[in-house]
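The values are calculated or read from the model by the stated rules, or taken from the named source; none is laboratory data. All values reported here derive from a predicted model rather than from experimental measurement. Using ideal geometry, Cβ is built from the backbone for each residue, glycine included, and neighbour counts are taken over all protein chains shown.
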Amino acid sequence: MSLVPWKKREESRPLVGLQREMNRLFDDFFGRDFGIEPFRGPGQWLPALDVSETDKAVLVKAELPGLDAKDVEVSLVGGVLTLRGEKKEEKEEKTKSFHRVERSYGVFERAVQLPCPVKTDQVEATFKNGVLTVELPKSEEARSKTVKVKVG
Amino acid sequence: MTDTRNIMKRPGGETPAPREERYRIPQVDICETEDSLILLADMPGVTEKGVDVSVDEDVLSITGHVSPPQEDSRPLYTEYEPLPFRRVFTLSQEIRRDGIEGKIANGVLRLTLPKAEEARVRKVPIKTQ
């Protein structure tokens, strides 16, 4: 089971609710953990992730608005991709008062179990407009898994 | 403040609206300084070209377009959809419409909304005798 701690701010973060629903959906459907464990403690936030694949690669995207490439750490250990970083609060000088504070700050860490073996030495991460994209080319054996069957 | 939360329809519920009518609501911080209001909106994936800010009388609209996913990719696990961002705010008369400035960096839109002269805090010097 994937555990998402209940938080007061949940109402204002529809994606967290959506994530829980997705987790439940996957769990119901596959009857097991889908392999993505949201991880959040005090002062942490949970950036939204998107995992997709093409014939040649696995793509992991994370929404990290307000962060720079230097604020993010990407590591790959034993088929688990981990994204880590911190978003510091932008302190506005001369701020008198806040009317709304909805954006998330603080430390985050998310780990993704990759669906297939990848070429660990050819992983590429790019950061653009607040979106981190990690492209992991599938290893030859993962690619050749698809066997075309002739029907005739 | 208008917040229409039609981001996601529950599975098995109503049919989702056509793609172009659905959008995501960006999270915002609004803070006030002595001479202006500063609005920060999280819009990851939105470039300078994709952002649109407009003021129509009392209504400030923020729209951000994101590029669609790679065509040959299949989703495995999705926590967000590449829908446009959109949020609408009501402006008070205290905001000077012609002085609104915006810029976007790292997926965060920053709008500076200057206060009208009348709305600024004026310090009244107190004379001592």
How many of the residues in the stretch B:25-37 are part of a loop (DSSP other than H, G, I, E, B) and charged (D, E, K, R)?
2
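Answer yes if at least one residue in the stretch A:25-36 is more than 16 Å from A:Arg110 (Cα to Cα), surrounded by 20 or more Cβ atoms within 10 Å (Cβ to Cβ) and either modelled with pLDDT under 65 or within 10 Å of chain B (Cβ to nearest Cβ) (or both), and no otherwise. Break it down stepwise before answering.
Our first condition is that a residue be more than 16 Å from A:Arg110 (Cα to Cα); within the stretch A:25-36, this holds for A:25-32.
Now narrow it down to the ones that are surrounded by 20 or more Cβ atoms within 10 Å (Cβ to Cβ): none.
No, the conditions are met nowhere in the stretch A:25-36.
Could you tell me which residue of the stretch B:24-39 is farthest from the other protein chains (Cβ to nearest Cβ), considering only residues that are of a type in the set (D, E, K, R) and closer than 21 Å to A:Val16 by Cβ? Even if it seems obvious, please write down each step before you answer.
Of the stretch B:24-39, the ones of a type in the set (D, E, K, R) are B:24, B:29, B:32, B:34-35.
Of the ones still in play, those that are also closer than 21 Å to A:Val16 by Cβ are B:24, B:29.
Details: B:Arg24: 8, B:Asp29: 5 Å.
Restricting to residues being of a type in the set (D, E, K, R) and closer than 21 Å to A:Val16 by Cβ, the top hit is B:Arg24.
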Please find, within the stretch A:84-96, the residue that is modelled with the lowest pLDDT out of those that are over 18 Å from B:Gln27 (Cα atoms) and within 13 Å of chain B (Cβ to nearest Cβ).
A:Glu93
Looking at (1) modelled with pLDDT under 90; (2) within 30 Å of B:Thr112 (Cβ to Cβ), which one does A:Phe39 not meet, given that it meets all the others?
(2)
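Hey, among the residues in the stretch A:96-120 that are of a type in the set (S, T, N, Q) and within 14 Å of A:Val58 (Cβ to Cβ), which one's surrounded by the most Cβ atoms within 10 Å (Cβ to Cβ)?
Let us first name the residues in the stretch A:96-120 that are of a type in the set (S, T, N, Q), namely A:97, A:104, A:113, A:120.
Next cut, within 14 Å of A:Val58 (Cβ to Cβ) only: A:113, A:120.
On the way: A:Gln113: 15, A:Thr120: 13.
Out of the qualifying residues, it is A:Gln113.
If we keep just the residues of the stretch A:100-152 that are of a type in the set (Gly, Ala, Ser) and not in a strand (DSSP E or B), which is farthest from the other protein chains (Cβ to nearest Cβ)?
Within the stretch A:100-152, the first condition is being of a type in the set (Gly, Ala, Ser), and the residues that meet it are A:104, A:106, A:111, A:125, A:130, A:139, A:142, A:144, A:152.
Next, from what is left, pick out any that are not in a strand (DSSP E or B): A:104, A:130, A:139, A:142, A:144, A:152.
On the way: A:Ser104: 7, A:Gly130: 2, A:Ser139: 17, A:Ala142: 13, A:Ser144: 18, A:Gly152: 27 Å.
Checked the stretch A:100-152; the qualifying residue farthest from the other protein chains (Cβ to nearest Cβ) is A:Gly152.
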